[in-house]
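Here the structure comes first, spelled out in structure tokens, and everything after it is commentary.
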Amino acid sequence: MKPTSIADRTRSFFYRRLARFVTCEVKLAGDHPLALDNKFQVNSLQDVFCHPFYWQLYGWLTSAPRLVVDLGAHCGHFSMLADVCVRLRFENSAPEYLLVEPNPDLIPVIRRNLEKSGLCSRHTLKQGLVGDRCGAATLWVSPRNYLSASLQPGPATRGVSANYFDLEGFIGDRKVDLLKVDIEGAEYALVANYPEFLKRVGKVMIEIHSAPEPQQRALVESLQRAGLRPAANFVNHGHYQLAMFERP
């Protein structure tokens, strides 16, 4: 890989800090605007729209989903990408989207993105943690990167109290056609605590964070017991893996 020049790094540094004053707007397919008006939006765009893993949605979806659940919605970009893919592949389809995000600072960002873009017109946005089925915990948020909020305190983070969102209680016995999981390590608790819910999921895109090998193996085995099978090779991406599972 060609090293980044000092000039490129300098331009990136200044843009990320001036983005809210000098906003860059891109048009997604179908003329849906997305404003990159802060550095968190830029990071999220790189993770979702600029990574080929998530673009596999376009070919992976064989029919229009009716319900898409986005856990760890961050800036709402995954749901927006999913809606672009669905609109391009399945004319006149209008899936329902459930977006769950624990960081209260990102809730208005998601609302603004969905309203401005005109995507995910049928959506419900919930603020809360996922993993455990009830209770509350402290979410540790870094003002430098809202996307890496964690249940573990880190340098220069602030604690935010958040309730756990009862996913199964909200959805009931409905089928989930597409589930995206990006919850910073809480995926292990989610898979352990929601075995019946997973039996009603058709496709899963999940980030599996670093953990002891037996714990990672247990997560995959739990998904397989729910009837989900790996749909592609796992993709290494820093301190986590990107994985796809589907129901045969």
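Report the gain in length on full extension from residue 196 to residue 224: 0.36 nm times residue separation, minus Cα-Cα distance, nm rounded to one decimal. Before the final figure, lay out the partial values.
Working: separation 28, 0.36 × 28 = 10.08 nm, distance 1.24 nm.
Full extension from residue 196 to residue 224 adds 8.8 nm.
For residue 129, the residues 5 or more places off, or on other chains, whose built amide H falls under 5 Å of its own are 163, 164, 165.
Counting only protein heavy atoms and using a 1.4 Å probe, what share of the accessible area of the chain belongs to carbon plus sulfur, as a whole percent? All intermediate terms of the calculation are to be shown ahead of the outcome.
On the way: 6410 of 12220 Å².
Looking at the chain in its full context, I get 53 percent from C and S.
A Cβ-based charge dipole, computed about the Cα centre of the chain with Lys and Arg at +1 and Asp and Glu at -1, lands at about 440 debye. Distance between the 7 Å Cα→Cβ label points at residue 236 and residue 216: 0.9 nm. Judged by the gyration tensor of its Cα atoms, with axes a ≥ b ≥ c, the stretch 117-176 is oblate; a/c meets the 1.5 cut and b/c is at least as large as a/b. Subtracting the Cα-Cα distance of residue 150 and residue 115 from their residue separation scaled by 0.36 nm leaves 9.9 nm.
Mind checking which of 145, 135, 125 is farthest towards the positive end of the stretch 100-180's charge dipole, using Cβ charges of +1 (Lys, Arg) and -1 (Asp, Glu) about the Cα centre? Highest projection toward the positive end goes to 145.
The values are calculated or read from the model by the stated rules, or taken from the named source; none is laboratory data. Everything numeric here is computed off the predicted structure, so don't read it as measured data. Neighbour counts are summed over all protein chains in view; Cβ atoms, including those assigned to glycine, are modelled from backbone coordinates with ideal geometry. The area values use the complete protein model at the heavy-atom level, side chains included, leaving out ligands, DNA and RNA. Shrake-Rupley method; radii C 1.70, N 1.55, O 1.52, S 1.80 Å.
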